[in-house]
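Colleague: To start, I am sharing the structure in question, which I have written as structure tokens.
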Amino acid sequence: MKLFSILAFLFFAFSGSSQTNHLEAETQKLIGLYQLTDSQAGQVKPLLEKKLVELNSIMSAKGDKKEIINKRNVLLAEYDKKFLAILNDEQKELHKKIKLLNEAAMGKKGNSGAQVNPAMIKGAPTSTNKKVTSK
């Protein structure tokens, strides 16, 4: 029940104009975290946009909660594969570390929504607040 409540919150939180703000914020977060090149950033934004649209569609569907969560997980796994295809080898290693640490943090009892601060990862680049403007 707690997971479904969180998912419902995420759906409503990212609807409408906040969807655009979330897309831009998430794009900038990934650019800074992974030190994406302009070319990579240009590939990431449409990928994130598609993910957000499809995620909203899944979360707004009526039906079995387990089926909805399974569809969401499939979508996120597909997105992850496409995102990894954009990254270079060094960025892929960083992504692997971030993913493992987030999974470990989420596995702790009572810490279901926790995320690890990527700045705590050895070898992670420090953010340069690089901002890529949309064309």
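Every read-out reported here was derived from the displayed coordinates using simple, explicitly stated rules and does not represent laboratory data. From a predicted model like this one, the values you see are computed outputs, not experimental measurements. All Cβ positions, even for glycine, are placed from backbone atoms using ideal geometry, and neighbour counts span all protein chains on display.
Colleague: Note down the nm distance, to one decimal, between modelled labels 7 Å out along Cα→Cβ at E78 and at K29.
Modeller: Result for the modelled spin labels: 2.2 nm.
Colleague: Compute the distance in nm between two label points, each set 7 Å from the Cα along the Cα-to-Cβ direction, one at L101 and one at T20.
Modeller: Rounded to a tenth, the inter-label distance reads 3.4 nm.
Colleague: What distance in nm separates the simple spin-label points at N70 and N88, each placed 7 Å from Cα in the Cβ direction?
Modeller: Output for this residue pair reads 4.1 nm.
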